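First up is the structure itself, then whatever we jot down about it.
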Amino acid sequence: VTSQGSPGLTTARDFLLVTSGVEMLLVDGDGGQTLEQWYTPALTASSHTWARWPRQVAGMLDQLELEGFDGVIWFNDGVTQALDDDDRVALAYYVQHGGTLLLSGQDVVQQSCDPASPWYSEQAASWFTTVLGVNWAGAATGATSVSTLSLSPFARNQSATLSGAGGAGNNTSPDAVTPAGAGILAQRYGTNAGAGVVANWGAGKSYVCAYALEAASPGETAERWAYAD
């Protein structure tokens, strides 16, 4: 912005805005890391329009902003709190009214559902059970691989390591999960603990990957799993 009367008076501000006509939204919750590089190739290769929203920089998205997207991929790594009360309200509305949500990240479920977590609450734990059909079952200690089951909506019967070259190498604290309510187990770790749950709620559906999806190796596996028609 520059003053017409005094051209020397100028200032610049960066801002982001949500527009209509974009089909997919990548919500980047990595706190300034560059982990989006493991998700964007799949979106770019798809036939859909998409945009990236840096959650910690740009702030929350409310339910009216989210409802304009056919699909939301929300990933988190190393950020606490991963989802706050406002995020959960917006995502509940989004899924209930027909949205498709892929939520990935280690400790995302644990933060809200483990009574020992400073971010735990009965309401937060109930949200995961009701909206996403998932319960936290403990730390997935020693999980270094993951495989999809036949009920997975994508990447069926595929497997990947979570610590090999070609992935992000950040799978240090994965969660073990179990399905609840309408949830169905869609992924298992090599340890046989639950790794991913798919669920329907209202008119929408969700897929929770309780580990660092970007760590799936080789890297193209993460890209392939991050988006599905």
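Numerical summary
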item: Check on L43, within 20 Å of F154 (Cβ to Cβ), in contact (Cβ under 8 Å) with a residue 12 or more places away in the chain, open to solvent by 10 Å² or more (accessible area, probe 1.4 Å) and not in a loop (DSSP other than H, G, I, E, B); result: no
item: Index of the failed condition, L149 passing every other in (1) surrounded by 18 or more Cβ atoms within 10 Å (Cβ to Cβ); (2) touching a strand residue (DSSP E or B) at 6+ places or on another chain (Cβ under 7 Å); result: (1)
item: Number of positions in region 61-97 that are without any contact (Cβ under 8 Å) to a residue 60 or more places away in the chain, of a type in the set (D, E), open to solvent by less than 50 Å² (accessible area, probe 1.4 Å) and part of a loop (DSSP other than H, G, I, E, B); result: 1
item: Options T191, T161; residue that is touching a helix residue (DSSP H, G or I) at 6+ places or on another chain (Cβ under 9 Å) and either open to solvent by 60 Å² or more (accessible area, probe 1.4 Å) or among the β-branched types (V, I, T) (or both); result: T161
item: Every residue from region 2-32 that is under 36 Å from the mean Cα position of the chain (by Cα), modelled with pLDDT of 85 or more and either open to solvent by 80 Å² or more (accessible area, probe 1.4 Å) or among the hydrophobic types (A, V, I, L, M, F, W, C) (or both); result: A12, R13, V22, M24, L25, L26, V27
item: Residue match in region 53-60 (condition: of a type in the set (K, R) and either more than 22 Å from A195 (Cα to Cα) or open to solvent by 20 Å² or more (accessible area, probe 1.4 Å) (or both)); result: yes
item: Tally of residues being outside any loop (DSSP other than H, G, I, E, B), of a type outside the set (G, A, S), open to solvent by less than 20 Å² (accessible area, probe 1.4 Å) and under 22 Å from A215 (Cα atoms) across region 99-136; result: 7
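The values are calculated or read from the model by the stated rules, or taken from the named source; none is laboratory data. Fair warning: this is a prediction, and the values are worked out from it, not measured in the lab. A quick note on method: Cβ atoms are made from the backbone with ideal geometry, for glycine too, and the neighbour counts reach across all protein chains shown. Quick note on the areas: whole protein, heavy atoms, side chains included, nothing else; ligands and nucleic acids left out. Shrake-Rupley method; radii C 1.70, N 1.55, O 1.52, S 1.80 Å.
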